[in-house]
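None of the figures in this text is laboratory data; all of them are computed from the coordinates on show. Quick caveat: nothing in here was measured; it's all calculated off a predicted structure. So basically every Cβ, Gly included, is an ideal-geometry build from the backbone, and we count neighbours across all protein chains shown.
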Amino acid sequence: MHETLNAHGDRARPTDGGHGMDIASQRADELDLMAIARIEALVAGALGDRDVLALDVGCGHGGQAARMAKFGAKVLAIDVGDCAEKVAVAMRRQGVGAAAWAFRRMGIEQVGTLGVRADVIVCQRMIHYLRHAHAREALRALRSAAAQRCTLYLSASGMQTELVDGYAGQGARVDERFATLRVDRSLKHGIAQPVCLYREDELAALVRGAGWTVETVFRSAFGNVKLVASLG
């Protein structure tokens, strides 16, 4: 399965369990690059002797996790799938040693049990697989794993993408919106699970409701919603 998905030339490389295509191992998008720039600034700044800790939540095949480790972060990659070997391959390709990263198989709601305080959290292309109320609780769990000045880089599939064509949830309020995609869209994008698609204001409100301060929210060329938030 090697068809081109979009104008970026992304290929159809499915992740496990019908959770979309693996994009991060093919390229860094604008949100990924913002997270890397933040890591570079922290590494160059005054954190003392403490490592810069980055979480990649819903890491998939580990493309972004490996980039963050390459740029100096200590990375903890997390996914519900058994992605350890694929993450290890991504790390080797970036020349990252074993001491710079770890993988944990767990859901986002378990992140608070890790006992870590992350400086950067990346959560791309996964929050829409949760019902709205569960997504809010998940974002609260991320807060519990965040350092005082942590920055969150979050994305969700959007209501202004082609995914909305035939989407059964398009007429529902966001707190009730959770439905499967039309069959052809599901097959093209590898999204077999029901999803809650978001508008920009809806994702921002969700993040604020979980106790984060939204710094910026924007829409990608494809129509997905991208957001940066902090704890101040």
Cα→Cβ-extended label distance, 7 Å offset, between residue 144 and residue 176, nm: 3.0
CD proxy at 222 nm, helix term only [per DSSP H run n ≥ 4: -39500 (n - 2.57); per residue of the chain; nearest 500]: -8000 deg cm²/dmol
For the chain, share of DSSP beta bridges that run antiparallel, in % to the nearest 5: 45
Additional length obtainable on full extension of the chain from residue 219 to residue 92, 0.36 nm per residue less Cα span: 42.5 nm
Estimated distance in nm for a label pair at residue 109 and residue 26, the labels positioned 7 Å out from Cα along Cα-to-Cβ: 3.2
Label selected from [x] 59, 45, 37; [y] 58, 43, 31; [z] 52, 39, 29, the criterion being Cα extents along the principal axes in Å as computed here: [z]
Summed residue charge, Cβ within 14 Å of residue 208's Cβ, Lys/Arg positive, Asp/Glu negative: -1
Packing rank of 119-128, 58-67, where each peptide gets the mean count of other beta carbons within 10 Å, highest leading: 58-67, 119-128
Gained length - residue 84 relative to residue 184, 0.36 nm times residue gap less alpha-carbon distance: 33.0 nm
